[in-house]
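Note sheet for the following structure.
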Amino acid sequence: MQIWRDVDDVPADLGRTVVSIGNFDGVHLGHAHVLREARETAERLDVDTVVAVTFDPHPMAVLRPEHAPPTLTS
């Protein structure tokens, strides 16, 4: 696993990539399913790289903080 905190950190030669976008503050069964589907899609497309794009803080914490869900992990 690699963590990139800015788009400029992403290697320019990353190549074809399957991307999953969400709020992955912990990997529960639902998140595990999404990531497994991304991996299976990558295999079907003969793509080596799967990327999970997550948001920190949760978008609701910015847009409507009073309705933001609690985080699963720090």
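The values are calculated or read from the model by the stated rules, or taken from the named source; none is laboratory data. Predicted model, so just to flag it, every value in this text is computed and none were measured. Note: ideal-geometry Cβ built from the backbone for every residue, glycine included; neighbour counts use all protein chains shown. SASA here: full protein model, heavy atoms, side chains in, ligands and nucleic acids out. Shrake-Rupley method; radii C 1.70, N 1.55, O 1.52, S 1.80 Å.
Which of rounded, prolate or oblate describes the chain when judged by the alpha-carbon gyration tensor and an a/c cut-off of 1.5?
Values: a/c = 2.75, a/b = 1.57, b/c = 1.76.
It is oblate, given that a/c is not under 1.5 and a/b is not larger than b/c.
Once backbone amide H atoms are built at 1.01 Å from N, Ala52 has Ser20 as its partners under 5 Å, excluding neighbours fewer than 5 places away on the same chain. Placing a label point 7 Å from the Cα of Thr49 along the Cα-to-Cβ direction, the residues of region 12-35 whose backbone N falls under 18 Å of that point are 12-22. Taking the Cα centre of the chain as origin and assigning +1 to Lys and Arg Cβ atoms and -1 to Asp and Glu Cβ atoms, the resulting dipole is close to 240 debye. Extension gain, Asp56-His28: 0.36 nm per intervening residue step, less the Cα-Cα distance, totals 8.4 nm. Rounded to the nearest 10 degrees, the inclination of helix 29-45 to the longest alpha-carbon principal axis of the chain is 20 degrees. Remark on Phe24: its backbone amide H falls under 5 Å from those of Phe55, a criterion applied only to residues 5 or more positions apart or on other chains, H modelled at 1.01 Å from N.
Can you send over the carbon and sulfur percentage of the accessible area for the chain, probe radius 1.4 Å, protein chains only? Before the final figure, lay out the partial values.
Values: 3350 of 6000 Å².
Using a 1.4 Å probe with all protein chains present, the chain comes out at 56 percent carbon and sulfur.
Which whole-number percent gives the relative contact order of the chain, counting Cα pairs below 8 Å spaced six or more residues apart? Write down the numbers at each step before the final one.
Working: 69 pairs, mean separation 26.1, N = 74.
It rounds to 35 percent for the chain.
The slack between Thr41 and Arg64, meaning 0.36 nm per residue of separation minus the straight C-alpha distance, is 4.9 nm. Per residue, the chain exposes an accessible area of 81 Å² to a 1.4 Å probe, with every protein chain left in place.
Along region 67-74 the Karplus relation, 6.51 cos²θ - 1.76 cosθ + 1.60 evaluated at θ = phi - 60°, assigns HN-Hα couplings of 10, 5, x, x, 6, 7, 9, 7 Hz to successive residues, with x for each Gly and Pro.
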